[in-house]
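J.: Please see the structure below; I have some questions.
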Amino acid sequence: MPNEKPKPKNDDELPEEVFRVARLGQTERPFTGKYVNEKAMGIYLCAVCGHELFSSETKFDSNTGWPSFTEPADPAKIKLETDNSSGMKRTAVSCQNCGAHLGHVFDDGPQDRGGKRYCINSVCLELKESGKGPTDDT
Ligand code: FE
């Protein structure tokens, strides 16, 4: 059911690269993530808990080396916090449901689409492609 809160995986079930980003707040190397150039339609889920985070409709090519989105699927699904680590003042983005660190949001996104760039680590995402398997309720 859409409103049921997905249960997060335990830390010891997470692949090391996911653990490093989602739980330790590290960043994957740019242009290495599996979704940097992904064009398929669908919804990006939290790799830790399955919470729906970003729609492919808001994904854009930022040329930064990380999957980039103009907005979350629903603002209530993510949590924003000031992050002063690494000598920068940034806004960290995490999953509201399980607390997984996802990436950061910056103000240099496409101006005609709100100006935000949600810069998200591929390892924290799992794309559920639409148009595969049974379609909606119709
Ligand atoms: Fe999550």
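Throughout, read-outs are computed from the coordinates displayed, never taken from laboratory work. Please read all numbers here as calculations on a predicted model, not as lab measurements. Counting neighbours? That spans all protein chains shown, and the Cβs are built from the backbone with ideal geometry, glycine included.
J.: Run the numbers for N84 and F60: contour at 0.36 nm per residue of separation, minus the present Cα-Cα distance, in nm.
T.: Once the chain is fully extended between N84 and F60, it gains 6.0 nm.
J.: What order do you get for L14, L102 when you list them from fewest to most C-beta neighbours inside 10 Å? Working shown, then result.
T.: Details: L14 19, L102 28.
Going from least to most buried by this count: L14, L102.
J.: Mind checking the dipole of the chain: about its Cα centre, +1 per Lys or Arg Cβ, -1 per Asp or Glu Cβ, Debye to the nearest 20? Present the calculation step by step, with values, prior to reporting the outcome.
T.: On the way: 18 positive and 22 negative charges, 53 e Å.
The calculation lands at about 260 debye.
J.: While we're looking at this one, here's another question. Run the quick spin-label model on E16 and A40: label points 7 Å from Cα toward the beta carbon, then report their separation in nm to one decimal.
T.: Reported label-point gap for E16 and A40 is 2.7 nm.
J.: Follow-up. Suppose R0 equals 25 Å; then what is the FRET efficiency for K128 and T91 from their Cβ-Cβ distance, rounded to the nearest 0.05? It would help to have the intermediate numbers written out before the result.
T.: Numbers: r = 26 Å, r/R0 = 1.04.
With R0 = 25 Å, the Cβ-Cβ based efficiency is 0.45.
J.: Ok, one more. I'm checking a number: the convex hull volume of the Cα atoms of the stretch 73-137, normalised per residue, in Å³. What is it?
T.: Numbers: hull volume 9.1 nm³, N = 65.
It comes to 139 Å³ per residue, whole-number rounded.
J.: Given the peptides 67-80, 28-41, arrange them by the average over their residues of other C-beta atoms within 10 Å, most packed first.
T.: 67-80, 28-41
J.: Here is a further query. Rg to Rh ratio, the chain, alpha-carbon atoms and Kirkwood radius?
T.: Dividing the radius of gyration by the Kirkwood radius yields 0.95.
J.: Can I ask one more? Using Cα pairs closer than 8 Å and at least 6 residues apart in sequence, work out the relative contact order for the chain, in percent.
T.: With pairs under 8 Å counted, the relative contact order is 27 percent.
J.: Along each principal axis of its Cα atoms, how long is the stretch 1-68 end to end? Whole angstroms, biggest number first, please.
T.: 33, 29, 15
J.: Okay, next question. Report the extension gain between D74 and E4 in nm, rounded to one decimal, defined as 0.36 nm multiplied by the number of residues separating them, less their alpha carbon distance.
T.: Using 0.36 nm per residue and subtracting the Cα-Cα distance, I get 23.7 nm.
J.: Is it possible to state the helix-based mean residue ellipticity at 222 nm for the chain, with each DSSP H run of 4+ residues giving -39500 (n - 2.57), the sum divided by total residues, to the nearest 500 deg cm²/dmol? What is it? All intermediate terms of the calculation are to be shown ahead of the outcome.
T.: Details: 1 runs with 7 residues, N = 138.
One gets -1500 deg cm²/dmol as the mean residue ellipticity at 222 nm.
J.: Another one. Which order results if V123, V48 are arranged by neighbouring Cβ count within 10 Å, fewest first?
T.: V123, V48
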